[in-house]
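Notes to accompany the following structure.
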Amino acid sequence: MSEEEIFNKIANIIEDRFEINRSNITLNLNFKNDLDADSIDFVEFVMDLEEEFGADISDEDAEKLKTVGEAVKYIYQRQN
């Protein structure tokens with residue numbers, strides 16, 4: 001799966017979970033600062049990522065994911 005395909009899937013999750021217009025979702029979008037995601041929102045988002053991509057994301061790794069671009073890169077590098 002390409003980074004663009006991963007981005008599109010992540011953008012769809014963000015659009016649904018955070019009720020943000022798709023056109024406002026960029027690689028630089030910051031989960032905490034731009035989405036006002038609290039810790040529970042973020043945990044649920046990570047669970048959505050795990051389900052969508054069939055990946056296990058450790059708590060330690062999840063804490064490092066600050067932007068959409070970092071999430072895309074993380075999934076891209078770990079796909080089978």
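Just a few scattered comments:
- Low-density loop cleavage sites - chymotrypsin sites (Phe, Trp or Tyr not before Pro) in the chain, where at most 15 other Cβ are within 10 Å (DSSP): none
- The chain - accessible surface per residue (Å², probe 1.4 Å): 66
- Using a simple spin-label model with pseudo-atoms 7 Å out from Cα toward Cβ, SER2 and ASP56 lie 3.2 nm apart.
- When you restrict to C-alpha pairs under 8 Å that are six or more residues apart and normalise by the size of the chain, the relative contact order lands at 45 percent.
- Here the accessible area of the chain is 41 percent carbon and sulfur, with a 1.4 angstrom probe and all protein chains present.
- Heavy-atom accessible area order for SER23, SER58, largest first, 1.4 Å probe: SER23, SER58
- The listed residues THR26, THR67 rank as THR26, THR67 when sorted by accessible area, largest first, using a 1.4 Å probe.
- Cα coordinate range in the chain, projected on the principal axes (Å, largest first): 31, 25, 19
The values are calculated or read from the model by the stated rules, or taken from the named source; none is laboratory data. As the structure is a computational prediction, the values presented were derived from the model and not from experiment. Note that we place each Cβ from the backbone using ideal geometry, even for glycine, and neighbour counts take in every protein chain shown. The protein model used for the area step is the full one, side chains on, heavy atoms only, and it has no ligands, DNA or RNA in it. Shrake-Rupley method; radii C 1.70, N 1.55, O 1.52, S 1.80 Å.
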